[in-house]
1. Please label the shape of region 31-140 as rounded, prolate or oblate, based on the square roots a ≥ b ≥ c of the eigenvalues of the alpha-carbon gyration tensor (a/c under 1.5 means rounded; beyond that, a/b larger than b/c means prolate, else oblate).
2. Report, to the nearest whole %, how much of the accessible area of region 78-181 belongs to carbon and sulfur atoms, 1.4 Å probe, protein only.
3. Report, by chain and number, residues whose modeled amide H sits under 5 Å from the one on Val53, excluding near sequence neighbours (fewer than 5 apart, same chain).
4. Could you order the peptides 157-166, 27-36, 343-352 from most to least packed, using the average number of other C-beta atoms within 10 Å per residue?
5. Calculate one ³J(HN,Hα) per residue across region 339-347 by plugging θ = phi - 60° into the Karplus curve 6.51 cos²θ - 1.76 cosθ + 1.60, and present them in order as whole Hz with x for glycine and proline.
6. Take a quick pass over region 125-237 and tell me how many lysine pairs come in under 25 angstrom between Cα atoms, counting only ones 8 or more apart or on separate chains.
7. When the Cα centres of region 149-223 and region 229-246 are compared, how far apart do they sit, in Å?
Amino acid sequence: MKRITLSIFIILICSGILQAQEAFNITGTVLNGKNEAIERATVFIDGSQKGTVTNAQGEFKFSNIKPGTYQVIVSMIGYSSKKQNVIIQDQSISLNIIMIDKPTILREVVIGNNSQRKENIKIFLKNFLGESENAKQCKILNLEILDFSTIKKILEATTDDFLIIENKSLGYRIKYLLRNFRYNKETGVTSYDGESMFENLEGSDNEKNDWVANRKEAYEGSLMHYLRSLYKNTLTQEGFVTHEVMNNIQPLQLAPISVDMEKYINRTDSNFVKLKFKTRLYVVLNKGKALKSNNPDDKKTITQWMGKNGSIVRLFLDEAIVDSKGSYVDYRSFFIQGFWGGKRIGDQLPFEYN
């Protein structure tokens, strides 16, 4: 009995040591162009619940960081926000971030009556938050900080501070640092770029139970879910079906590769996988059901045919480096259409979600 107890004790100690070895720190100092410390600058990790402010010496620290890829964002009024890509493998990292004074840019702003601004806000909310049930429960608390401008058919939106978003469906308050937003009124194409920080909302037990269920539903079948499953090599067990797309129009040609996704993955590092393929992939959370079409019109493109749950993904760069939390090193890694492409801020989850 003593030997068994001692063995279990040793195993637990070793397990604790291994876990401790897998947690690192991201520290740094924020300075201005004159090499002076910037106090109370906001520092956060994009897409996470980790945020802090610098002290009088301009220093910040994030503890218990697991191996992976992270984007550290620094924001301060009067300065252009700074993004620093960080890869944690087997050691902590210290950053030295120099902030640049924000230039005053004169933009051609179209000033109209209040009805024009209301219409611009309506367009912005639809294309920024999304149109899902989760998005409908989102509210931006400080819409007044949005500045709109129109150049020909392009509607642009900018802010000088964080947008504060309350997602009553998923139970998060999101601080979103909007870099740019563009909506083409002619084509309906939307593009936006920015960084987000999450906080849990306070709520009743019933609300918290609803949030747990809604978060699970938002996660299942998402890009985050897919990339985490790909990293763990559990795509089949999780219910994902992946096909190669052989052409763009009907008759649609798909080559099933759901059991052979490993041929696109290079596992040279224990913390990351490299994903590399030249074709386009069709992905759907299938749960064992066969992929079927509903007698699609031969003239329809695949993006019209795929239905509400299918996604098309291809590499925009030569390769994508993915970590265990479903994050990838470069935000330009993928070009996405369909289900994943339609997911906006209203369905976004922090990387801490498990």
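The values are calculated or read from the model by the stated rules, or taken from the named source; none is laboratory data. Remember, predicted model here, so these are calculated numbers, not experimental data. So basically every Cβ, Gly included, is an ideal-geometry build from the backbone, and we count neighbours across all protein chains shown. Calculation scope for accessible area: heavy atoms of the full protein, side chains included, ligands and nucleic acids excluded. Shrake-Rupley method; radii C 1.70, N 1.55, O 1.52, S 1.80 Å.
1. Here region 31-140 falls in the oblate category.
2. Summing carbon and sulfur atoms, their accessible area is 49 percent of the total for region 78-181.
3. The answer is Val43.
4. Output ranking for 157-166, 27-36, 343-352: 343-352, 157-166, 27-36.
5. Ordered by residue, 3J(HN,Hα) equals 4, 5, x, x, 7, 10, 4, x, 10 Hz.
6. Here the count comes out as 26.
7. Taking the Cα centre of region 229-246 as reference, the centre of region 149-223 is 27 Å away.
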